[in-house]
1. Can you name every residue in the stretch 410-466 that is among the charged types (D, E, K, R) and at positive phi?
2. For residues that are part of a helix (DSSP H, G or I) and either aromatic (Phe, Trp, Tyr) or surrounded by fewer than 19 Cβ atoms within 10 Å (Cβ to Cβ) (or both), tally how many sit in the stretch 474-517.
3. Starting from the stretch 549-560, take each residue that is of a type in the set (Ser, Thr, Tyr) and list its partners that are not in a loop (DSSP other than H, G, I, E, B), counting only C-beta distances under 9 angstrom and pairs at least six apart or across chains.
4. Out of the residues in the stretch 398-410 that are among the aliphatic types (A, V, I, L, M) and not in a helix (DSSP H, G or I), which is surrounded by the most Cβ atoms within 10 Å (Cβ to Cβ)?
5. Is one or more of the residues making up the stretch 555-562 at pLDDT 95 or above, crowded, with 19+ Cβ neighbours inside 10 Å and of a type in the set (Gly, Ala, Ser)?
6. For Gly413, work out the one condition from (1) assigned to a strand (DSSP E or B); (2) more than 30 Å from the chain's Cα centre (by Cα) it doesn't fulfil.
7. Could you tell me whether any residue of the stretch 229-236 is touching a residue at least 12 places away in the same chain (Cβ under 8 Å), open to solvent by less than 10 Å² (accessible area, probe 1.4 Å) and in a strand (DSSP E or B)?
8. Only one residue in Leu303, Leu290 is at pLDDT 95 or above and in contact with a strand residue (DSSP E or B) (Cβ under 7 Å, 6 or more places away or on another chain), so which one is that?
Amino acid sequence: MIEMTPPGSEPTSRTFERRNDWQTGWQMPPGVSGDASLLRFRPSSIKGPESGCPQRLALKVRPGLLWPAQPDRPAQRMETYGMGPFYRVLDSIEFDGMSPEAAVARWQERSKRPFHPALIRWTEHAVQHFRSAMARYRSGRTPLKPVSRDWIRERPPTENGTVAGEELATGRRYEGHGIRELWIPRPDTVEDRERHEGEIAVAAAVLAEGRPLLNRLWRGTRAILGRYERPDRVRIIEVGCVDGSLNVLFDDTPEAAIVKYRRDAEESLRDAAVGNDHRPGYDCVTCPLLATCPAVPSHPGLLGIHDDSKPLRSWSLTTVREHRTCGPIPHFRELRLPSDGGAKESEATLRGRAVHDWIEKRHRRSPLQPCRGDDVPDPQADQGQVMLPNDGFQTRLGIQMIGDHSLVCPLRGADEHARALPEHVVVVYDPAANTVVIAKIDLLYRVKGEWRFRETKTSRYLNEGDLLKRYPQISLAVLLSAEGLLPGGPGGCRVELERLTANGPVLTEFDVHDPDLVADAREVVRSHVHDWHGDETLATKPGTACAECGFTRWCSDAVPGAAS
């Protein structure tokens, strides 16, 4: 039973009994110790169970935990948080009265890590557009003062006193004349950005009932808070630092903020706190349980690189492709610098993506069913479901490829025990290279008790030659299967390549039990990792590649006129 709020009581007291479930519903992983009673939530805690690893998020909202002993790892050598300098520069401007130019110079002088020159250009740009957006919004409005201390909203403990909770919201804080504002900087544009009402609700509640933080929040430290001064109005504004776009996300009374919190955030925060499932993915590289996670196998030597002196990083075939194009591109993505998208995609590329997306949606149907030859998109009626190219020939070819796929659809003959996992992510940790390997599989499926890997490629013409080199995804799949890192154990997952061409479909299977084939695949993977793993200079390759790069505006080496 949930207690009802009696008149005049604190607005959060109604959730005592439910909050106790937050503690008892979560199981501490093996090797983890410390204080699990302190819960600290942020607006980003809302999205975790849906888009990331539930167990990682449950750990993240418990700052009092102690992790298992980790092997000594080199620290990150370069700045990896693209918005970090932005915050430090704004601090110097707002609290020390420095000019933007002097503030940027101070950051560069005091930075404890080296940084790529592109980060200077981005920081200057982001600060300018953030301040311009604020000036436009504040024109004719009462000026507010910047606030240096975080606001923390305390959650009351459970009835037995074992669980406390704190909530905070990251951004730039301002107050005055009974108003509290939180400005949230976003790297990309916020025009047409999807709203997440739960995130907004958490931030609004922090503004409505938060008190100033007086101490540093070290691991396991509980917040010491100052006196609460109730605002008359709370306001949340997000700004796209790439273009100065602005959205007012919330502008109402503290009472309305708490009503919104109860409606849009309470249940989602509970889900964040009790996540026990492991969901390997892009979160793994920052997870303290990486080396002991039951869902992430550790396989020394997988990549053929024996050098653990580099900082822990993630690697995928996309990483390699971008690094070969120009050394800093993977680092720019790690910094989350806004990208202009690069060169316009060809009609053939758009056709390939449309074919891939249509087939993926068919493989996600429940119950599972094989694709049919007549189950193809109608260019007029299905524009909302598939983005076919404008070119008439490429559209017709794409529709033909989708129909041809039915001849080799992996779900033909599927029974009630079949499974299909489209866009499945496989994560493996290679401690010898200190690298997290991330492989995204077009389709991992099981039919008649046998697991199979299916990679699908589209091409107008059939390209023969060395398929392992042409399609490194296949080389990686062969290696993962041979090493027992896919379902079915060593060699227990068959590897297939489906090629859809103008002349029909071609299905090729690779024998993962052939030692020569596995050796060739291993060498292809090693060659794709080697240059990226050893690169400490991030040297650019100015030239024709600049015309297709989305980061030229931040890169001082870009060829003039290359940016679109």
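1. Looking only at the stretch 410-466, we keep the residues that are among the charged types (D, E, K, R), and these are 412, 415-416, 419, 423, 430, 440, 442, 446, 448, 450, 452, 454-455, 457, 460, 464, 466.
If the condition is that a residue be among the charged types (D, E, K, R) and at positive phi, then Glu423, Lys448 are the ones that fit.
2. Number satisfying all stated conditions: 3.
3. Within 9 Å, the pairs are Thr552/Cys546; Ser556/Pro117; Ser556/Ala118; Ser556/Ile120; Ser556/Arg121.
4. Step one: of the stretch 398-410, the residues among the aliphatic types (A, V, I, L, M) are 399, 401-402, 407-408.
Keeping just the survivors that are not in a helix (DSSP H, G or I) gives 407-408.
On the way: Leu407: 13, Val408: 18.
That would be Val408.
5. no
6. (1)
7. Checked the stretch 229-236: at least one residue is touching a residue at least 12 places away in the same chain (Cβ under 8 Å), open to solvent by less than 10 Å² (accessible area, probe 1.4 Å) and in a strand (DSSP E or B).
8. Leu303
The values are calculated or read from the model by the stated rules, or taken from the named source; none is laboratory data. Being a predicted model, the structure only gives us computed values, none of them experimental. Methodologically, a virtual Cβ is constructed for each residue, glycine included, from the backbone with ideal geometry; neighbour enumeration extends over all protein chains shown. Areas reflect the complete protein model, heavy atoms only, side chains present, ligands, DNA and RNA absent. Shrake-Rupley method; radii C 1.70, N 1.55, O 1.52, S 1.80 Å.
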